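Presented below is the structure to which this report refers.
The values are calculated or read from the model by the stated rules, or taken from the named source; none is laboratory data. Source: prediction; values computed, not measured. Positions of Cβ are generated from backbone atoms using ideal geometry, with glycine treated the same way; all protein chains shown enter the neighbour counts. Heads up: the accessible areas ignore ligands, DNA and RNA and are worked out on the full protein's heavy atoms, side chains in. Shrake-Rupley method; radii C 1.70, N 1.55, O 1.52, S 1.80 Å.
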Amino acid sequence: AWNAWASRGGTFVGDFSVGGVSCAAGALDAFVLGPTGTVFWNHFPSPNWSGFISLGGGLRHTPSAVSWGPSRIDLFAHPAGDGIGFQATWHAAFDGTSWSGWSSQGGGSSRQIAVASPGLGNLAFVVWGATGQEFLQIWNGAMWLPSSAGYYNEGGSFAEVPAITYGTPGQLRAFARA
């Protein structure tokens, strides 16, 4: 059975969403976007929540979060920019001790990013292109593929950002509304 809803603090206005991930047994991590585009992180290491901690940002939407190993979290989002058009994808990572700064992964999109991990040390994320196609970038544990600022064009003509997951090992599955 589900527990009752409980406030985790903070005051957020307007349209916002919450992103979450678990990077260790008994741990929960929640991410929200403040009204000025600042990302806030709330960590539950047990027995109490940390309270919201600013990760900076200046982002357009709540980041997509994934964990590919113990105490590892990767976030992906787009900067607010001028509020129109396509912006590069930004990435920040938590190594169990501290957060990296935000860095560009190149490309360009204006929509939420889908991200998934097949297991230890690996992840993939997709962005939605200007004409509805899907663009893919992969971290293989050692390097970004096809490059740190390049993307594989997976084609398609989608009405929204595809949701992604890994099925059998090594097979990324995408689901979207055409």
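Here ASP29 sits with roughly 10 square angstrom of accessible surface, probe radius 1.4 Å. Residues of the stretch 55-70 with an amide N closer than 19 Å to a point placed 7 Å from the Cα of LEU172 along the Cα-to-Cβ direction: 63-69. Taking all protein chains together and rolling a 1.4 Å probe, VAL127 ends up with roughly 0 Å² accessible. Per residue, the chain exposes 52 Å² of accessible surface when a 1.4 Å probe is rolled over the protein heavy atoms with every protein chain present. In percent, rounded to a whole number, the relative contact order of the chain is 13, using alpha-carbon pairs under 8 Å and six or more apart.
Over all orientations, the chain has a Cα convex hull whose mean projected area works out to 11.2 square nanometres. Fully extending the segment from ALA130 to SER71, taken as 0.36 nm per residue of separation minus the present Cα-Cα distance, adds 17.8 nm. Over the C-alpha atoms of the stretch 76-146, the Rg to Rh ratio, Rh being the Kirkwood estimate, stands at 0.98. Look at where the Cα atoms of the stretch 104-135 and of the stretch 153-178 average out, and the two centres are 10 Å apart.
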